[in-house]
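First comes the structure, then the notes that go with it.
The values are calculated or read from the model by the stated rules, or taken from the named source; none is laboratory data. Please read all numbers here as calculations on a predicted model, not as lab measurements. Neighbour counts are summed over all protein chains in view; Cβ atoms, including those assigned to glycine, are modelled from backbone coordinates with ideal geometry. Side chains included, ligands, DNA and RNA excluded: accessible areas come from the protein's heavy atoms. Shrake-Rupley method; radii C 1.70, N 1.55, O 1.52, S 1.80 Å.
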Amino acid sequence: PLALGLYTVNAVYGDTITMPCRLEVPDGLMFGKWKYEMPNGSPVFIAFRSSTKKNVQYDDVPDYKDRLSLSENYTLSIKNARISDEKRFVCMLVTEDDVSEEPTIVKVFKAPSQPEILYQARFLETEKLQMLGECVARDSYPEGNVTWYKNGRVLQPVEDVVVINLQKIVDKTTGLFTMTSSLQYMPTKEDANAKFSCVVTYYGPSGQKTIQSEPVVFDVHYPTEKVTIQVLPQSSTIKEGDNITLKCSGNGNPPPQEFLFYIPGETEGIRSSDTYIMTDVRRNATGEYKCSLTDKSMMDSTTITVHYLDLQLTPSGEVTKQIGEALPVSCTISSSRNATVFWIKDNTRMQTSPSFSSLQYQDAGNYICETTLQEVEGLKKRKTLKLIVEGKPQIKMTKKTNTNKMSKTIVCHVEGFPKPAVQWTVTGSGSIINKAKETKYVNGKFSSKIVIAPEENVTLTCIAENELERTVTSLNVSAISIPEYDEPEDRNDDNSEKVNDQTKLIVGIVVGLLLVALIAGVVYWLYVKKSKTASKHVDKDLGNIEENKKLEENNHKSET
């Protein structure tokens, strides 16, 4: 590069300056020398190299002590470049007949440090011009320029809105510049999240460059223009028992710290911080809620609906009834919305609501009436009914000869609750082949059976006993040589009902026939009685006729 037509070397501050001697080495060269020129033009020699003795001498110049190096081709190097090295250097090649000179201009550049925004304002207030901060870039050469930016755009000076003042100070020792640019700024509400930065433009060996500071965001204060009330947590539904937090906020900065809360049923506002907490809310908390600034200048409102669900089960808890008794059951619901109701018995959902006109053992169990509000998460109620159906032991005994003709099976069918304990006794000769076996106790029913091989007629007794009563039933069993008619051990309810119906029909027919026979006998007796009475009357009448005839005959004879 050329400066004013001269060869120029651009060096970086602190690096090594390398200046080649741009002269051709002539024949008969005696020595080469380097000098620099003072501002007044006077020379200062700094380095000497003989072409014959090959020795190098450096002049006693304090600024260049231990910094110089002259190579065999007369290239001069200066270590640790300084701003003071920025001058005109001259290479001289000397022969017996001539002295040749070639000047070189040295330019030194120093990039500034990254600019910093110092003395930052703690906060900014709208509609007020105030000092935002100072942008400082240190140790630059040559001096640079400072530009302010907001959100990446240049801030141009505007009277009473944007005021920029730039100062440049040079260090007399180093010759380096420090640039300080102050910014006074009047913010608006929109500057709340604005990013302010400054950029230093400077020149380096390769041209113009820039360095940017870290962006800074300032807290901008502005007055509240709107008040907002919120219900926390932000759930679409609120149910009884929930905790509610009312939060009031203003859009100013800093936000207001106190508000007035207006609660349904309260005539005056309640002074509080930005939150008002209600715990374990009830249905009577439904209504309109408001909040305002303490001076009542701004207000906002919201409506809260507290959903509820009541369930009444009658009866509930543990209920003990006797078999055959009636038990009315009702599950009543009261809710803020339509509720879904269903019944569960022993962990199984029922298709219909329970109704007991005549309790049976199978009706016993754990009943749950459960209701939910589907639109309200977590709002569910349930109550339980533990139904116990008690009954005295009932016994029915059956017998049959087994297919091997070697034994007989005797079964004692037992009903009752609590479950009766069963005992067997045998009267007569014979032995019990095995111990009594019991079937599973289901719906208050089970069976106990034994296998016996009697040598003669015996009587078996089945004893069933629970907390309510002791029941005893006996059954005569013939010797094993006499086969017994087979009888079914278990009869389901349908077969029992059919047998009962058939028995009732037969009894009805027999009673009807007896009534017909009785009526026929009465009619016949009445008929015979009437017949005898009529015969007497006829005989009497016939006697009267004969007597009349005799009287007439006697009267006739007297007249004659």
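If you add up the charges near Val216, with Lys and Arg at +1 and Asp and Glu at -1, over every other residue whose beta carbon is less than 13 angstrom from its beta carbon, what do you get?
Every neighbour counted, the sum reads -2.
In the neighborhood of Glu116, defined by Cβ-to-Cβ distances under 11 Å, what is the net charge if each Lys or Arg adds +1 and each Asp or Glu adds -1?
Once positives and negatives cancel, what remains is -1.
Per the Kirkwood formula on distinct C-alpha pairs, the Rh of the range 8-109 is how many angstrom?
Over the range 8-109, the inverse of the mean reciprocal pair distance is 13.8 Å.
Heads up, I need the accessible area for Asp310: 1.4 angstrom probe, whole protein in place, Å², nearest 10.
Approximately 50 Å² for this residue.
Taking Cα atoms, how many degrees apart are the long axis of helix 493-559 and the longest axis of the chain, rounded to 10 and kept between 0 and 90?
30
How far apart, in nm, are two points set 7 Å out from the Cα along the Cα-to-Cβ line at Met406 and at Glu190?
Distance between the two pseudo-spin positions: 11.1 nm.
Which value in nm describes the separation of the simple spin-label points at Ser77 and Ile333, placed 7 Å from the Cα toward the beta carbon?
It is 9.6 nm.
To the nearest 20 debye, what is the magnitude of the charge dipole of the range 1-87 about its Cα centre, counting +1 on the Cβ of each Lys and Arg and -1 on the Cβ of each Asp and Glu?
Rounded to the nearest 20 debye, it is 140 debye.
Would you please give the FRET efficiency between Ile344 and Trp525, computed as 1/(1 + (r/R0)^6) with r the Cβ-Cβ distance and R0 = 60 Å, to the nearest 0.05?
Working from the Cβ atoms, E equals 0.30.
Please calculate the 1.4 Å probe accessible area of Val281, with all protein chains present, and give it to the nearest 10 Å².
Answer for Val281: close to 10 Å² accessible.
If you roll a 1.4 Å probe over the range 1-66 with all protein chains in place, what percent of the accessible area is carbon or sulfur?
Accessible surface attributable to carbon and sulfur in the range 1-66 totals 52 percent.
Can you tell me the length gained on complete extension of the stretch Leu232 to Gln257, counting 0.36 nm per residue apart and subtracting the Cα distance?
Difference between extended and current length: 7.2 nm.
To the nearest Å, what is the center-to-center distance of the range 2-77 and the range 383-404, using C-alpha atoms only?
128
How much length is gained on full extension from Asp27 to Val56, taking 0.36 nm per residue of separation minus their Cα-Cα distance?
8.5 nm
Only helical DSSP H runs with n ≥ 4 go in: add -39500 (n - 2.57) per run for the chain, normalise by residue count and round the 222 nm mean residue ellipticity to 500 deg cm²/dmol.
Helices in the chain give a 222 nm mean residue ellipticity of -4500 deg cm²/dmol.
So for the pair Thr314, Phe123, with labels modelled 7 Å out along Cα→Cβ, what separation do we get in nm?
6.4
In the set (1) 69; (2) 38; (3) 44, which value of percent of Cα pairs over 44 Å apart was calculated from the structure you see?
Computed from the coordinates, percent of Cα pairs over 44 Å apart corresponds to (1).
Using θ = phi - 60° and the Karplus relation 6.51 cos²θ - 1.76 cosθ + 1.60, list the HN-Hα couplings for the range 30-44 in order, rounded to whole Hz, with x at every Gly or Pro.
9, 6, x, 9, 10, 9, 10, 9, 6, x, 8, x, 6, x, 9
Can you tally the net charge around Met38? Count Lys and Arg as +1, Asp and Glu as -1, for every other residue whose Cβ sits under 12 Å from the Cβ of Met38.
+1
Take the alpha carbon gyration tensor of the range 231-291, find the square roots of its eigenvalues, order them as a ≥ b ≥ c, and report rounded if a/c is under 1.5; if not, report prolate when a/b exceeds b/c, else oblate.
Cα axes put the range 231-291 in the oblate bin.
Which log10 I(q)/I(0) values does the range 186-282 give at q = 0.19, 0.21, 0.22, 0.25 Å⁻¹ under the Debye formula, counting every alpha carbon as one identical point scatterer?
Treating every Cα as an identical point scatterer, log10 I(q)/I(0) equals -0.99, -1.08, -1.12, -1.26.
Could you list which residues have their amide H under 5 Å from that of Thr126, counting only those 5 or more apart in sequence or on another chain, with H placed in the peptide plane?
Result for Thr126 returns His221.
Can you work out the accessible area per residue across the chain, with the rest of the protein chains kept in place, probe 1.4 Å, in square angstrom?
61
Largest first, how would Thr461, Thr267 line up by accessible area (1.4 Å probe)?
Solvent-accessible surface, decreasing: Thr267, Thr461.
To the nearest 10 square angstrom, how much accessible area does Thr180 have with a 1.4 angstrom probe?
30
Compute the FRET efficiency between Ile482 and Ala436 as 1/(1 + (r/R0)^6), taking r as their Cβ-Cβ distance and R0 = 25 Å, and round to the nearest 0.05.
After rounding, the FRET efficiency stands at 0.60.
By its C-alpha gyration tensor, with a ≥ b ≥ c as the square roots of the eigenvalues, how is the range 309-389 shaped: rounded for a/c under 1.5, else prolate for a/b larger than b/c, else oblate?
prolate
Based on alpha-carbon centroids, what's the gap between the range 350-381 and the range 151-174 in Å, whole number please?
First find each Cα centre; the distance between them is then 82 Å.
Between rounded, prolate and oblate, where does the range 391-477 land on the alpha carbon gyration tensor, with a ≥ b ≥ c its root eigenvalues, rounded for a/c under 1.5, else prolate if a/b exceeds b/c?
prolate
Evaluate E = 1/(1 + (r/R0)^6) for Met38 and Ser113, where r is the Cβ-Cβ distance and R0 equals 30 Å; express this FRET efficiency to the nearest 0.05.
Efficiency at R0 = 30 Å is approximately 0.40.
Could you tell me which of the pairs Lys408/Lys449; Lys226/Lys296; Lys408/Lys437; Lys79/Lys168; Lys35/Lys87 are separated by over 18 angstrom between their Cα atoms in the structure shown?
Those over the limit are Lys79/Lys168.
Taking all protein chains together and a probe of 1.4 Å, list Arg67, Arg88 from the most accessible to the least accessible.
Arg88, Arg67
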